[in-house]
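The values are calculated or read from the model by the stated rules, or taken from the named source; none is laboratory data. Keep in mind the model is a prediction, meaning the values are calculated, not measured. Glycine also receives a Cβ, built like all others from the backbone with ideal geometry; neighbour counts cover every protein chain displayed. Note: areas computed on protein heavy atoms with side chains; ligands, DNA, RNA excluded. Shrake-Rupley method; radii C 1.70, N 1.55, O 1.52, S 1.80 Å.
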Amino acid sequence: MAELTGKVAIITGAARGQGEAEARLFVAKGAKVVLTDLLEEDGAKVAADLGDAARFVRHDVADPDDWATVVETAVREFGGVDILINNAAIYWTNGFADETAERVEKIMQVNFFGVWHGMQAVLPLMKAKRAGAIVNISSQAGLEGLPGHSAYGATKWAVRGLSKTVALEVGEHGIRVNSVHPGVIDTPMIAAVGVERGEGKFPTVPMRRVAAPEEVAEVVAFLASDAASYVTGTELVVDGGLMAGMTVPAGTY
């Protein structure tokens, strides 16, 4: 079981969606959490709901100075940092021919450099303690090419590769780094795609449904916990079987 009692976690993008689900689950499993986001009102409400085990920090993940503030808060309020969950991201779809360098730079700053800065901010503390777990949230789009995902997909492939490289470099310090690759998850970030949660609502997924963010949170909690003490440099796919092979249209069985 993923037990997190006594652990201190930083979770980005935690005002709603997957990040909120992770923050709530981590506290339920005994962790102290610094949850961060640019959505101040929503983030503060989540922290208030979680009580003394949580603190909210307004945080631009693309800003190294903001990262310093987040780490300082974790140390001051809870005594350190044991876990980092790089969850914050932005998302859109656009054909490659219509994409612009300016838009690509914007999404890279959040989705890739947010992860980069976050790991650089916490690794000194983790190395000093000779322990730590980092989980970087990538995507199905970081495992395969998807039409309309040239910019977003590029960031998520980069997160996947970076996670493996850093895992190789910090393993000797007792630090684990893994990536998680969600498929179709019912979150506000992808609401514009028109997904609808419920059995039979998404026939192209082998499990025939869209996942709840809590289902991703459980996998993240496992990787962050000592139950995954020998798991590093790998990716876990949470996609209802979408990446397993060619999907079978609903009703063919």
Just for the stretch 140-172: of the residues that are open to solvent by 10 Å² or more (accessible area, probe 1.4 Å) and polar (S, T, N, Q), which one is farthest from VAL33 (Cα to Cα)? SER150
Note on the stretch 16-37: residues free of Cβ contacts under 8 Å to residues at least 40 places away in the same chain and crowded, with 17+ Cβ neighbours inside 10 Å are ALA23, VAL27, VAL33, LEU35
Kindly indicate which of ALA44, ALA48, ALA53 is of a type in the set (A, V, I, L, M) and under 24 Å from GLY132 (Cα atoms). ALA53
Run down VAL248, VAL231, VAL237 and say which single residue is open to solvent by 20 Å² or more (accessible area, probe 1.4 Å), at pLDDT 90 or above and assigned to a loop (DSSP other than H, G, I, E, B). VAL231
Which of the residues spanning the stretch 1-44 are part of a strand (DSSP E or B) and over 14 Å from ASN87 (Cα atoms)? VAL8, LYS32
Within the stretch 79-91, is even one residue among the aromatic types (Phe, Trp, Tyr), surrounded by 15 or more Cβ atoms within 10 Å (Cβ to Cβ), assigned to a loop (DSSP other than H, G, I, E, B) and at pLDDT below 95? yes
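Results for (1) in contact with a Lys or Arg (Cβ under 7 Å, 6 or more places away or on another chain); (2) at pLDDT 90 or above; (3) open to solvent by 30 Å² or more (accessible area, probe 1.4 Å); (4) assigned to a helix (DSSP H, G or I), shown as yes or no for each residue.
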| position | (1), (2), (3), (4) |
| --- | --- |
| VAL177 | no, yes, no, no |
| VAL180 | no, yes, no, no |
| ALA192 | no, no, yes, yes |
| VAL195 | no, no, no, no |
| GLY200 | yes, no, yes, no |
| VAL205 | no, no, no, no |
| ARG208 | no, no, yes, no |
| GLU215 | no, yes, yes, yes |
| VAL220 | no, yes, no, yes |
Scanning the stretch 53-69 residue by residue, the ones that are more than 9 Å from LEU35 (Cα to Cα), open to solvent by less than 20 Å² (accessible area, probe 1.4 Å) and over 17 Å from the mean Cα position of the chain (by Cα) total 1
Evaluate the stretch 3-13: report whether one residue or more is modelled with pLDDT of 95 or more, over 23 Å from SER138 (Cβ atoms), surrounded by 14 or more Cβ atoms within 10 Å (Cβ to Cβ) and β-branched (Val, Ile, Thr). yes
